[in-house]
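The values are calculated or read from the model by the stated rules, or taken from the named source; none is laboratory data. Since we're looking at a predicted model, the values are computed, not measured. Here the Cβ is made from the backbone with ideal geometry for all residues, glycine too, and neighbour counts use every protein chain on show. Calculation scope for accessible area: heavy atoms of the full protein, side chains included, ligands and nucleic acids excluded. Shrake-Rupley method; radii C 1.70, N 1.55, O 1.52, S 1.80 Å.
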Amino acid sequence: MKSPLLPAILWSWLMASSFVVSAQVTAYASPLQVTFLRFLLALLIMTPVYIAGRRSHPAPLISSMKAGAQLALVSGSLTGFFVCLFTALKTTTPLNTSVMYTFVPFLGALTGLIFSIRTTSRQWFGYLCGAAGAIMVLLSTRSGGLAWHSGDAIYLAGCILLAIHVVSVQRWFGQYTAFGGAYRIMFAGTLWLLPFTLFAGDLSQVQWQAVPFWQMTGYLTIATTLLTFILQQRIVAQGGARCLLGISYTIPVWVACYENINALAGLFLSPGFVAGSSLVVIALVLIDNGFNHKGAVNGQSLPEKTT
C-alpha cells in the first residue's frame, strides 16, 4: 500500500485555495449557486470518462437498495454540510466557521466509533493538538474576536454531517475506485443540491457574463471539486478516514500562507502562527504516525475495486 502523504498534501493545498477563491467568487454569485454549478460542471466532465470506463469494467451505478441508501447518506451528509454553511453565514462570521471547522476531525473520530473504527488515546491527543494549533493559526492571522452567534449551532450541525461523510466513505466506498466513488458522490450530490438551488438559489442574480466568474468557477470545478473528490477517495482508501481528518488541520496554515503571500517573512515570524503550525505537525505525527498504512479499515486489506 503506497503512502497517502503526497495526495493528502495536494488535497489540503487545493482545499485551502478553495476557501480563498470561493470568498472572491461571491461577488458574482451566491455560495449556493456556485457550489451547485461546481458539482454540475464536474459531473458533466466526469460522465464521458465514467461511461467509457464501464465498457471495459461493467458495473451498475447503484448495485442494490442498500448501496443506494449508503450513497444517499454519503452524498446527503456532504451537501447537508454546504447547506448548513450557507445558512449559518447569514447569522455568524467567517472566523467562527473557520474555528468550528477545526472540530471536524475530532467529530470524525467520534463518528468512527459508530462504524467500529478504533481511535487510540495517542490519536485522541493528536486531534486535540491539531484543533488547538489550527485555532491558534486562525486567531493569529485573522482580525476580529470570537462570540457565539445564532448561526453557530447550524454550522455545528453541518460539521457533524461532514464528519459522518468522511467516515462513511471509508466504511462503505472501499469497493470503488477513486474515480468511481467520486463520480457516485458527485452524481448524488448534484441531485441533492438541485432542489435547494431551484427554490432558494435565485439563479437570475448570477453574473453569467462576467469573465472572472467563469475563470474562478472553472478553477473551483476542476481543481477544488473534481480533483479533490478523487484525491479524497484515494486518501481514504489508502490511509483511512483518520488520514484525511488529520491532514485537514493543515488547511488553516495553507490559507494563511495564501492570504499573506506577499508578506510570508512576517507570517513565519509570527509567534502565534509558528506555535500553531508546530502543534499541527505534532498532531499529524500522533494521529497518523507518518502516513504508513496497510489498509483503509483497521489495517485490513481492501476489497477488489470497481468503477
Checklist entry - Among the helices (runs of 4 or more DSSP H) contained in region 207-258, which hold 2 or more residues that are of a type in the set (S, T, Y) and modelled with pLDDT of 90 or more? => result 211-221
Next on the checklist: Given the criterion touching a Leu at 6+ places or on another chain (Cβ under 6 Å), open to solvent by less than 10 Å² (accessible area, probe 1.4 Å) and either of a type in the set (G, A, S) or closer than 24 Å to L10 by Cα (or both), identify the matching residue among T221, T225.
Outcome noted: T221
Checklist entry - Only one residue in G201, G174, G158 is under 23 Å from V49 (Cβ atoms) and buried (at least 16 other Cβ atoms within 10 Å of the Cβ), so which one is that? => result G174
Checklist entry - Do you know which residues across region 175-206 are within 18 Å of T87 (Cα to Cα) and either among the acidic types (D, E) or not in a helix (DSSP H, G or I) (or both)? => result G201, D202
Checklist entry - Can you tell me how many residues in region 17-39 are surrounded by fewer than 18 Cβ atoms within 10 Å (Cβ to Cβ), within 21 Å of T87 (Cβ to Cβ) and among the hydrophobic types (A, V, I, L, M, F, W, C)? => result 2
Item to check | Extreme residue, nearest to the chain's Cα centre (by Cα), among residues of region 223-264 that are more than 20 Å from V20 (Cα to Cα) and of a type in the set (S, T, N, Q) | outcome: Q233
Checklist entry - Only one of these conditions is not met by T91: (1) buried (at least 18 other Cβ atoms within 10 Å of the Cβ); (2) farther than 25 Å from G180 by Cβ; (3) polar (S, T, N, Q). Which number is it? => result (1)
Next on the checklist: When you check T97 against the structure, is it among the polar types (S, T, N, Q), crowded, with 16+ Cβ neighbours inside 10 Å and either assigned to a helix (DSSP H, G or I) or free of Cβ contacts under 8 Å to residues at least 60 places away in the same chain (or both), yes or no?
Outcome noted: yes
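Here is a yes/no grid of residues against (1) open to solvent by 10 Å² or more (accessible area, probe 1.4 Å); (2) over 14 Å from the mean Cα position of the chain (by Cα):
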position	(1), (2)
P4	no, yes
W11	yes, no
L43	yes, yes
V49	yes, yes
I62	yes, yes
A67	yes, yes
Q70	yes, yes
L78	yes, no
